[in-house]
Amino acid sequence: MSLDTMSFILGGILVAAGIFGGGLEIKELKLPQIGTAARILAATVGAIFIGLAIFLNPKPPGSAPTPPTVDPKKTTITFQEPMQGDLRLDACLEWAQNCGEPAATAWCKTKGMSHALEYPWDNVGERGLGTRLIGTNQVCREKFCSSYVYIVCEK
């Protein structure tokens, strides 16, 4: 179990104790009744643990990218957290235009492939990561910047 998952579970238990005041029984887990001060403390510490779980990034910025995986039966390659130069590949070809498939396919073509099959993306700007647009080479360092989790390219 990862650290962020454990933090989220512990935070949820503490928040539940703070809200309900204890007296809960879930399978083998029993939370005794607690007083008002303990409830406030439990809810506060639980919220901190949940916040920690949300913002905890198991891969530190600048860590080595995962090497691409090749499926020998197909002519596809999966690229984890694709990079455009020194930054994560932005999910848009130009500022807020041609997002998703167009930018993913343009990136696949730089790798000698014909198009993108899968290209889920998420907001990396919230985690302090910058992105680079493949169409204009501009850098995005805002909280709304998005990048691909992975891209599956096909020949």
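Checking region 111-123 against the condition returns a match, with at least one residue being closer than 30 Å to LEU14 by Cα and either at pLDDT 90 or above or within 20 Å of the chain's Cα centre (by Cα) (or both).
Of all the criteria given as (1) part of a loop (DSSP other than H, G, I, E, B); (2) touching a Ser or Thr at 6+ places or on another chain (Cβ under 9 Å), the one not satisfied by ALA116 is (1). Among the candidates TRP95, TRP107, the residue that is within 14 Å of TYR150 (Cβ to Cβ) and either within 22 Å of the chain's Cα centre (by Cα) or in the same structural domain as TYR150 (by TED's automatic domain parsing) (or both) is uniquely TRP107. Can you work out which of the residues in region 127-148 that are in contact (Cβ under 8 Å) with a residue 60 or more places away in the chain and part of a loop (DSSP other than H, G, I, E, B) is nearest to GLU101 (Cα to Cα)? So, considering only residues that are in contact (Cβ under 8 Å) with a residue 60 or more places away in the chain and part of a loop (DSSP other than H, G, I, E, B), the one nearest to GLU101 (Cα to Cα) is LEU129.
Is it the case that region 27-47 has a residue that's modelled with pLDDT under 70 and either assigned to a loop (DSSP other than H, G, I, E, B) or within 20 Å of the chain's Cα centre (by Cα) (or both)? Scanning region 27-47, I find no residue that is modelled with pLDDT under 70 and either assigned to a loop (DSSP other than H, G, I, E, B) or within 20 Å of the chain's Cα centre (by Cα) (or both), so the answer is no.
The values are calculated or read from the model by the stated rules, or taken from the named source; none is laboratory data. Computed from a prediction, not measured in an experiment: that's the story for all the values here. Please note: Cβ atoms are built from the backbone with ideal geometry, for glycine as well, and neighbour counts cover all protein chains shown.
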